[in-house]
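A quick write-up on the structure given underneath.
The values are calculated or read from the model by the stated rules, or taken from the named source; none is laboratory data. Small disclaimer: the values here were computed from a predicted structure and weren't measured. As a convention, Cβ positions derive from the backbone with ideal geometry for all residues, glycine included, and neighbour counts pool all protein chains shown.
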Amino acid sequence: MSRAAASLALESPPLDPSSGEARRWLADELAEADYSTEESPVRRLVRAVLDWFLGLFEGGRGEAISAWWVLAGIIALVIIGGLVIWAIIRVQPGRRARRAGEGGVFEEAGVSADEYRRRARAAQAGGDFSTAVLDGFRALAASAVERFVLEDRPGATAREIALALGEEFPDERAPLADAAHTFGAVRYGDASADGAAAASVLDLDSRLLTQRAQSVGAP
């Protein structure tokens, strides 16, 4: 082999498929499991980037595209897919925080309303108004269950409890909604309650004990 021929063989790329072949290769790559979720946002994004990327190198109909550009395109698609997945993961903490805001009121099993009430009063006396709000609301919720005003639903949220009790005690709808809001802000929003908020929840608990529920047969 002459020196010119050898030089030409070394400089020629190993593969030189047409743009149509390159598109088929990338389509086969996308058919793999990592990209096979039909109609997913990631799939639509990858497809759009694929069309855009191949369009950059289609100077004319039937014009060839280097296999190295195909490899570069695949790498670019993988990087973009990774960025999309990273973005999705980044927003999960915010979603979990929003779901946590609707978490259940009770964190302990077998605690009576009287025990929650005692703990709330002790926290109030000690200046721990946030704990007084939390245990005070738990006391009124547990009391409603013990009085058969509410069904025992350990996973019920403060908002759900306030709405249900509002049906049973119509005159206390607004204070119940305020108490549920304060509970959520303290428990899930890292807010701090003051003495007025603690007193409001505990006074509401005391008032509910003296009132009869609307439900027929409720004590």
Could you say which residue among V186, V149 is surrounded by 14 or more Cβ atoms within 10 Å (Cβ to Cβ), touching a helix residue (DSSP H, G or I) at 6+ places or on another chain (Cβ under 6 Å), closer than 17 Å to V105 by Cα and in contact (Cβ under 8 Å) with a residue 60 or more places away in the chain? V149
Filtering the range 169-219 down to residues that are aliphatic (A, V, I, L, M) and in a loop (DSSP other than H, G, I, E, B), which residue is farthest from R147 (Cα to Cα)? A191
Does G155 satisfy being in the same structural domain as S192 (by TED's automatic domain parsing) and at pLDDT 90 or above? no
If you scan the range 160-183, which residues turn out to be small (G, A, S) and crowded, with 17+ Cβ neighbours inside 10 Å? A162, A164, G166, A179, A180
Count of the range 66-89 residues which are modelled with pLDDT of 70 or more and farther than 19 Å from A48 by Cβ: 1
Matching option when the condition is at pLDDT 90 or above and in a helix (DSSP H, G or I), among Q124, Q92: Q124
Looking at (1) part of a helix (DSSP H, G or I); (2) touching a Phe, Trp or Tyr at 6+ places or on another chain (Cβ under 9 Å), which is the one condition that is false for V149? (1)
